[in-house]
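Please read the structure below before turning to the comments.
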Amino acid sequence: MEELMARARAWAAEDPDPETRAELEALVKARDLQELTARFGGTLEFGTAGLRGALGAGPTRMNRSVVIRAAAGLAAYLRKNGGTAAVIGYDARHKSYDFARDTAAVMTGAGLRAYLLPRHLPTPVLAFAIRHLGADAGVMVTASHNPPQDNGYKVYLGDGSQIVPPADAEIAAEIAAVGPLATVPLAADGWDVLGEDVLTAYLDRAVAVLAPDSARELSTVYTPLHGVGLDTLTAAFALAGFPAPVPVAEQAAPDPDFPTVAFPNPEEPGAMDLAFKTARDAAPDLVIANDPDADRCAVAVPDPAADAGWRMLRGDELGALLAAHLVRRGAAVPGSDVFAASIVSSSLLSRIAAAAGLGYEDTLTGFKWIARVPGLRYGYEEALGYCVDPAGVRDKDGITAALLIAELAAELRREGRTLTDVLDELAVEHGLHATDQLSARVSDLSLIADAMARLRSRPPAELAGLGVVSAEDLLEGAGGLPPTDGLRYRLAGAGVTSARVVVRPSGTEPKIKCYLEVVVPVGGDPGAARATASTVLSALKSDLASAAGL
C-alpha cells in the first residue's frame, strides 16, 4: 500500500495537468487502494493502434503525462531513423487539443519540425497531410468511435499508413526508455500551425475520386454523430457539385460528450435514430453518416419494410457496391490493380475482382495491413472502413467513400435504379454473400480470453447443421498472414455454397467479435436466397454463442 501511494505521489508531482494531478491527489488522500491499483497496475500499452484508453490520471490512462512520454519516444525513434518532421492532427474529444499541442511541443523540443493542423479535422485529412507535406510521421489524437470517456493516439509513418511491426515495438521501446518527465524538452513555441490550404488540398484530392461528367442530382441527410465531419463533408459535396446534405441538427456540432447516443458508432443500436427521424421529414435519396473522426462511412437506403422506413447497409454491402462502381467506371486496371479486404470481410470482393481481371488479397484486420497491399486500388473492411483513393489517403476515409457512394446513387437515380438493385444483380452473378456479426461487450477482459481458450480446446465439429471442414488457429499464421489472435472455421453443407466464421478479440474495444458469412446460390430469386441465408446465420449465431460460452 505504501509503495503504491509513493508511486502515485511521484506521478502526481510531475503531472503537468492540474485536473489529473488533483484527481490523483484525491485518490491518495482517500487511500483508494482499488482505484490506485487500477491506475498503477501497469502501463497503457503502445502497439499497432498506438494508444487508446480511458481519460484519467496514472500510467494506465490517457493523460498529458502518458502522451508526452509517447511523443518523446516517437521523436527518439524518428531521429534514430533519420526523420525530421511530423504532422499532428486532433479531433474534438476531451483533451484532444492538449495532447496534440503537447506532441508539437515535444517534437519541436527534440529538434524536429512539427506541423499542427489548423483545427479539429477528420482523421483522413491528417493521413493525407503526411504525404502532402513530405513528413516522416503523423499523429492523430482520436479515439474514433469509442465512448466519450476515451481518447487515443494514432501513429502513422511517412508513407501515410499506420504503423505495423516492427515499428510499433521499436517506438514502444523508446517510450519505455524515457526518463523523468522533467527531462523531456518541451518547446514553448516554434511549431508550424498549418493554414486552411492543407484542407483545400485534401478537398481537391477528395473530389478527384469522382468522374468529371457523372451525375450529381442526389438528396441526402447527413450526421457526423457529434464528431468533426460536418464542415469537411459539406465542403466536399459543395465542391463536387452535389446538393447540400440536410444535417441532423441534434448531432451536427462537435460535442465530446456525444449526448444523443450511447456509443458514437453508426453500427450501434439507436445511433442512427435521429438521422432516420430527420429523413422522415426530408425524404432524401440516401442517409449518410460518419463516425466522430470521419474515417468511417455508413449508408442507409429507403426500405418501406424497415421499422424506421430506412435500412442500414451492412459494411460488406457498401464495400461491394463501391467496388462494383469502380469496376463499372473503368477506374481499376485489369492485370495491375489490386482489391483487398480483411479476413473478417465478405469474400464477395474477391469474386468481383476475379470477374474484372483484377488482383485480390486478404489481409489481417485493420487498415494498417490493407493499405500496405502492393498495387492497391481499393480496399475495405466490414466495420465501415473504405479506402477508395490509396494514392491520396493510405487509410480508410469516410469523406471520399461518401462522395463515391453518392456518385453511384446519383448515376443509378438517373437510370431509374437503386443501390439495392445493384446488390441484387451482384447476388445473381456471384451468389448471395450474406454476412452478420455476433459480438459481446465485457467489463472483465478475462471473459474474452476464456472464450478463445474454450474454442481452441474444444473446436466445434458442426455449426448450424453445417460441417466444419477446416479450423485454423490464426495465432499459428494462416494463408501467409502474420500470426494474430483469432480462429477461422470454414463450413459446408446442404443449401449453401460455402460458409465461414472468424472469431477474434476486438483491437480497440472490450469485445469479442464473431464474423459470419454464408454464400447461397440465387438462381433468379434473391428473396428466397436471403431467407435461406437469414435462417442459417441465425442458427450460426446461436450455436457459436453456445460453443464460446457467450
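What the table shows:
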| quantity | calculated |
| --- | --- |
| Charge dipole (the chain, unit charges on Cβ, about Cα centre) - positive-most of A471, T418, L403 | A471 |
| Largest-first principal axis extents, alpha carbons of the stretch 1-63, Å | 36, 23, 16 |
| Count of Lys pairs (Cα-Cα under 30 Å; at least 8 positions apart or interchain) in the chain | 26 |
| Cα centre as origin, Lys/Arg/Asp/Glu Cβ charges: the chain dipole, Debye | 700 debye |
| Bins of 10 Å from zero: percent of alpha-carbon pairs in the chain | 4, 17, 28, 27, 17, 6, 1, 0 |
| At 1.002 mPa s and 20 °C, Stokes diffusion of the stretch 2-195 via Kirkwood alpha-carbon radius, µm² per second | 128 µm²/s |
| Rg over Rh [alpha-carbon atoms, Kirkwood Rh] for the stretch 431-548 | 0.99 |
| Full-stretch length increase - L475, T508 - with 0.36 nm per residue and alpha-carbon distance subtracted | 10.0 nm |
| Computed [θ] at 222 nm, helices only, for the chain once each DSSP H run of length n ≥ 4 contributes -39500 (n - 2.57) | -12000 deg cm²/dmol |
| Lys/Arg +1, Asp/Glu -1 at C-beta; the chain dipole; positive extreme among A300, G315, S346 | S346 |
| Cut-off 15 Å between beta-carbons: net charge of the residues surrounding E2, Lys and Arg +1, Asp and Glu -1 | +2 |
| Stokes-Einstein D for the stretch 351-441, Kirkwood Rh over Cα pairs, 10 °C, 1.306 mPa s (µm²/s) | 106 µm²/s |
| Largest-first principal axis extents, alpha carbons of the stretch 380-499, Å | 55, 38, 32 |
| Global geometry of the stretch 176-263, whether rounded, prolate or oblate, following the gyration tensor of its Cα atoms and the 1.5 cut on a/c | oblate |
| Antiparallel bridge percentage (DSSP; both residues within the chain; nearest 5) | 65 percent |
| Other-chain or far-sequence residues with amide H under 5 Å of R296's (modelled H) | D291, G398 |
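Read-outs throughout are calculated quantities, based only on the coordinates presented, and are distinct from any laboratory measurement. Computed from a prediction, not measured in an experiment: that's the story for all the values here. All Cβ positions, even for glycine, are placed from backbone atoms using ideal geometry, and neighbour counts span all protein chains on display.
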